[in-house]
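This report concerns only the one structure given below.
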Amino acid sequence: MIQIIENASLKKLNSFGMEVQAKYLAAVHSSVDILELLDTICQQNEKPSQTPLVLGGGSNILFTKNYDGWVIKNELKGIELIAEDDDHVYIKAGAGENWHHFVINAIAHNWAGVENLALIPGMVGASPMQNIGAYGVEIKDVFHCLEAVHIKEQRTQLFYKNDCAFGYRDSVFKQAYKNEFVITSVTYRLNKKPVFHTKYGAIEEALEKMQVQTLHIKAIADAVIHIRNSKLPDPSITGNAGSFFKNPTISKMAFMELQKQFPAIIGYPVGDDQIKLAAGWLIEAAGWKGFRRGDVGCHHAQALILVNLRNASGQDVYQLSEDIRASVEEKFAVQLEREVNII
Ligand SMILES: Cc1cc2nc3c(=O)[nH]c(=O)nc-3n(C[C@H](O)[C@H](O)[C@H](O)COP(=O)(O)OP(=O)(O)OC[C@H]3O[C@@H](n4cnc5c(N)ncnc54)[C@H](O)[C@@H]3O)c2cc1C
């Protein structure tokens, strides 16, 4: 029997800590629960104005108002080895498994590939949504397939890597299939023989400080955890959703023009003719780092992170993001795109 709560508070279910309500909130623990719930929603006489919203850990969402619809809290559990060959294991995880728990479990079994993604908040089911990434690794590098239920048609569909249109913090589930599917499980292809990625960020420096003699995946995860703990605000203390904006990509030519005016500008080549700019640098250079307006602010150590310092509303955070976008566009003629899902 699925428990349904009417006018439910979502404050504890989103990492910004926004005090908003869902018209209906229901937690699902199995695919059978999902089909039963979708059936109930379908038969409901009085239809809410918003389509059902699937919620994982709420760490990539900004609620700007109450949700006049169904919020489906994904609680599907289980981590299972379903196949293996000489080089790989295929690990299927329930969409409601905590992502960091999944990473720790992989490391304990010596399955490599996700160690650089340690400590990313949220659930397994959201990992393909924006192709989560950190420290030189993205989920697409280890993704095998996922199972999802189509919300309107109530049928199950299998998606392989080529079906997902993975891009930088992007997938088909944020674009063409936005709000159409409930992801129920994800299967990852992890490596028996690790390929270490230590060049990105401050990993090498952290490994040196830890005096690691022989490199192994746990050491990399420990280094990543150390770096993340030292520079990112903990959402249980300060409401936030990690990077609020994506790093924008511009042409090499436009980058060279900007470099003349701003010699310290940070950019990395992507492909032959494109440069990815560090959005954090642009925001800081536009003067926003550490900015505070009432209870909303731009984090003092990482300008890319917008924070709810106490009781800010989603509208307050959204307005600050608008102001930052406008000022970055005015100063650099670069448009910032939000990474966080605005509801
Ligand atoms: C401190 C901090 C650091 C972060 N660092 C990183 C980082 O390094 N790299 C990175 O990529 N992200 C990062 N994030 C963002 C966030 O952790 C990830 O995007 C994460 O995958 C979101 O998971 P979630 O379960 O909380 O998703 P939610 O916020 O609950 O949902 C995100 C989106 O996915 C949809 N969704 C969620 N689950 C399902 C499902 N089962 N089926 C269908 N749709 C679903 C939701 O409807 C929503 O649109 C960070 C966030 C914080 C707070």
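The values are calculated or read from the model by the stated rules, or taken from the named source; none is laboratory data. Keep in mind that this is a model prediction, so the values were computed, not measured. Heads up, the Cβs are rebuilt from the backbone with ideal geometry, glycines too, and the neighbour counts pull from every protein chain shown.
Results, tabulated for the structure shown:
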item	result
Extreme residue, surrounded by the most Cβ atoms within 10 Å (Cβ to Cβ), among residues of the range 318-343 that are within 13 Å of the ligand (Cβ to nearest atom) and not acidic (D, E)	V340
Total residues in the range 200-223, condition assigned to a helix (DSSP H, G or I) and over 18 Å from W99 (Cα atoms)	8
Filter result for the condition that a residue is within 16 Å of the ligand (Cβ to nearest atom), on the phi < 0 side of the Ramachandran plot and within 17 Å of the chain's Cα centre (by Cα), over G297, G239	G239
Residue list for the range 138-192, restricted to those being among the polar types (S, T, N, Q) and assigned to a strand (DSSP E or B)	T156, Q157, T184, S185, T187, N191
Pick from the range 23-32, criterion of a type outside the set (G, A, S) and surrounded by fewer than 19 Cβ atoms within 10 Å (Cβ to Cβ), ranking: farthest from F181 (Cα to Cα)	K23
Residue selected from the range 120-139 under the condition more than 7 Å from the ligand (Cβ to nearest atom) and crowded, with 24+ Cβ neighbours inside 10 Å, by the criterion farthest from K161 (Cα to Cα)	V124
Segments classed as strands (runs of 3 or more DSSP E), wholly inside the range 1-113, with at least 2 members that are farther than 22 Å from Q130 by Cα	4-9, 21-28, 67-74, 79-84, 88-94
Inter-residue pairs, beta-carbon under 7 Å, first on the phi > 0 side of the Ramachandran plot and in the range 50-65, second modelled with pLDDT of 95 or more, 6+ apart	G58/L13; G58/N14; G58/S15
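Condition check ((1) away from the ligand (no atom under 16 Å from the Cβ); (2) without any contact (Cβ under 8 Å) to a residue 40 or more places away in the chain; (3) in contact with a Lys or Arg (Cβ under 6 Å, 6 or more places away or on another chain)) across all residues:
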| site | (1), (2), (3) |
| --- | --- |
| T184 | no, no, no |
| T187 | no, no, yes |
| K192 | yes, no, no |
| E205 | yes, yes, no |
| Q211 | yes, yes, no |
| I225 | no, no, no |
| D234 | no, yes, no |
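Residues are listed down the side, and each one gets a yes or a no for (1) in a strand (DSSP E or B); (2) at pLDDT below 95; (3) crowded, with 17+ Cβ neighbours inside 10 Å:
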site: K260; (1), (2), (3): no, no, no
site: P263; (1), (2), (3): no, no, no
site: Y268; (1), (2), (3): yes, yes, no
site: I275; (1), (2), (3): yes, no, yes
site: G280; (1), (2), (3): no, no, yes
